[in-house]
Amino acid sequence: MAFWHGRILAATYFFRRRGIVVITSENFDGEWIAGIIERFGYETSRGSTSRGGTKALLQLTRDMAAGKPAGFTVDGPRGPARIAQPGAVWLAKATSNPVLPFHLEADRYWTLDSWDRTQIPKPFATVALVIGEPFDVPHDADDEGIEAARVELENRLQVLEQRALTLLRR
C-alpha cells in the first residue's frame with residue numbers, strides 16, 4: 001500500500017487494526033511514533049532511507065512472506081513531498097506482491113507548516129478515499145525498470161489525488 005506522507009494521519013486512522021506493517025525511523029522520533037501507531041494496531045519495521053532502510057525492507061520482505069500487508073509513505077520520511085522514493089517498488093519486486101496506491105483527501109482540514117504539508121481533517125470532515133489499480137513490478141526488473149515503476153507510482157498517486165479532490169467538490 002503506497003500513499004503520500006502528508007496524508008498519514010487520515011490513513012493511520014482509516015486502516016487501523018488491520019495488522020499492516022509500516023517502516024518507522026530508528027531514531028528517537030521513530031520510537032515515539034512506533035509507540036503511537038502500534039496502539040492503532042500497526043506493526044513496525046525499523047529503519048528509513050537515511051538509516052537502516054535495507055534492514056527494514058528485508059524485515060518487510062519476511063513479514064509479507066508471512067502474509068502481512070505493508071504500508072508506505074512513498075515520499076517520506078523527509079521528502080521531497082510528492083516525489084516517490086523506490087522502497088515500495090523494490091519491495092514489490094522482491095516479494096512479487098503488487099503495489100496498491102491510494103489517496104485520502106478531507107474536505108475540511110488544518111495544514112501543518114511542514115515539508116509534506118500534513119493534512120489534519122477537522123472534526124466531522126468528509127474524507128474521500130480513492131484506491132488505484134494494483135500494479136506489479138517484474139521480478140527481473142533492472143534499475144531502469146525500477147525507475148519506470150517508481151515514476152508510474154508517482155503518476156498514479158497524482159491522478160488519485162485529483163480524483164479525490166473531484167469527489168469532494170460534488
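The values are calculated or read from the model by the stated rules, or taken from the named source; none is laboratory data. Here the structure is a predicted model, which means the values were calculated and not measured. Methodologically, a virtual Cβ is constructed for each residue, glycine included, from the backbone with ideal geometry; neighbour enumeration extends over all protein chains shown.
Just a few scattered comments:
- Each residue in region 1-60 was checked for being among the aliphatic types (A, V, I, L, M), within 16 Å of the chain's Cα centre (by Cα) and assigned to a helix (DSSP H, G or I), and 10 of them qualify.
- Scanning region 73-127 for residues that are small (G, A, S) and within 19 Å of N155 (Cα to Cα) returns G76, G79, A81, A84, G87, A88, A92.
- Close pairs from region 21-45: first in contact (Cβ under 8 Å) with a residue 24 or more places away in the chain and farther than 25 Å from G67 by Cβ, partner assigned to a helix (DSSP H, G or I) and of a type in the set (A, V, I, L, M, F, W, C), Cβ under 8 Å, at least 6 apart: S25/I33
- Search result, residues across region 135-169 that are over 20 Å from the mean Cα position of the chain (by Cα) and either within 15 Å of F3 (Cβ to Cβ) or assigned to a helix (DSSP H, G or I) (or both): D143, E144, G145, T166, L167, L168, R169
- Failed condition for M64, given (1) at pLDDT 95 or above; (2) part of a helix (DSSP H, G or I); (3) closer than 30 Å to E26 by Cβ; (4) more than 12 Å from the chain's Cα centre (by Cα): (1)
- Failed condition for V89, given (1) surrounded by 15 or more Cβ atoms within 10 Å (Cβ to Cβ); (2) of a type in the set (V, I, T); (3) part of a strand (DSSP E or B): (3)
- Considering only residues in region 41-57 that are at pLDDT below 70 and of a type in the set (S, T, Y), the one that is surrounded by the fewest Cβ atoms within 10 Å (Cβ to Cβ) turns out to be S50.
- Across region 58-71, not a single residue is classified as exposed (fewer than 13 other Cβ atoms within 10 Å of the Cβ) and of a type in the set (V, I, T).
- Within region 75-86, the set of residues being at pLDDT 95 or above and either in a helix (DSSP H, G or I) or under 10 Å from the mean Cα position of the chain (by Cα) (or both) comprises just one member, A84.
- Residues considered: F102, F72, F124. Of these, the only one that is among the aromatic types (F, W, Y), closer than 23 Å to R17 by Cα and out of contact with any helix residue (DSSP H, G or I) (no Cβ under 7 Å at 6 or more places or on another chain) is F124.
- For region 86-116, the set of residues classified as within 16 Å of T73 (Cα to Cα) and among the acidic types (D, E) consists of E105, D116, listed by residue number.
- Hey, R156 in contact with a Gly (Cβ under 7 Å, 6 or more places away or on another chain), in contact (Cβ under 8 Å) with a residue 12 or more places away in the chain and surrounded by 13 or more Cβ atoms within 10 Å (Cβ to Cβ) or not: yes
- Taking the criterion of being of a type in the set (D, E, K, R) and either surrounded by 19 or more Cβ atoms within 10 Å (Cβ to Cβ) or more than 17 Å from A11 (Cβ to Cβ) (or both), the residues of region 92-133 that qualify are K93, E105, R108, D113, D116, E133.
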